Amino acid sequence: MFASAQDGSHQYRGEGCVFVGEGEYPLDSAHYGISHVGGGGEVLLLKGFSVGSELGAMGWRGDGVGLFSIDLSHSLLRARSKSKIIPFLEGGYTRAFGNRGFTLTETMFNFSAGLHYWVFKRVGLRLEFRDYVAHEHVLFGVPDHYWGFRIGLALRQDQGPAQARVAETYFQGPGILVPFASHSAAKA
């Protein structure tokens, strides 16, 4: 009943999560607590790299901003590993909306590090530190940081043996895309 978090016969093609978090926001040389809620998903590209997006909200009671992010992430252990703990790094572009002066600018970048703890084969816990960086001008000024710790429920999409064989026909070598070729044809 309690299978290993990672099964060597399966590959995982995508993950999704919902999260909540708490952090800080600097304003006029003071720091204020902020809350963060949202959710998102990602699709595995190749060799631990994924692309994903998330939608959320950040702020405090009565004031805040909506956030949409597009990110590239890298799992530091392969998804086929037997480990239940998979650390990751993530970063990308964030667009703020509904902004009434809460953030310095509507264009931000985000950086994060965290880990997934896969309690079950497809259900896990996501722990993450994330920093949103807002900068009015790339060369001048001091950036604002909206950082926080997030905790979430992570779910992943399984790719069964038949789907894994199809995927293997497309990726024959490191970074080489060979459509419609089989392993036997590639070896011949």
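Every number in this text was worked out from the coordinates using simple rules, so none of it is lab data. Small disclaimer: the values here were computed from a predicted structure and weren't measured. Positions of Cβ are generated from backbone atoms using ideal geometry, with glycine treated the same way; all protein chains shown enter the neighbour counts.
Numbers below:
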quantity	calculated
Summed residue charge, Cβ within 11 Å of T94's Cβ, Lys/Arg positive, Asp/Glu negative	-2
Using θ = phi - 60° and Karplus 6.51 cos²θ - 1.76 cosθ + 1.60, couplings along region 112-118 (whole Hz; Gly, Pro as x)	8, 9, x, 8, 9, 10, 7
Spacing of the two label points (7 Å from each Cα toward its C-beta) at K121 and W60, in nm	4.6
Cα convex hull of region 12-157, projected area averaged across orientations, nm²	8.7
Förster-model FRET efficiency, 35 Å R0, S83 and S29, C-beta, rounded to 0.05	0.20
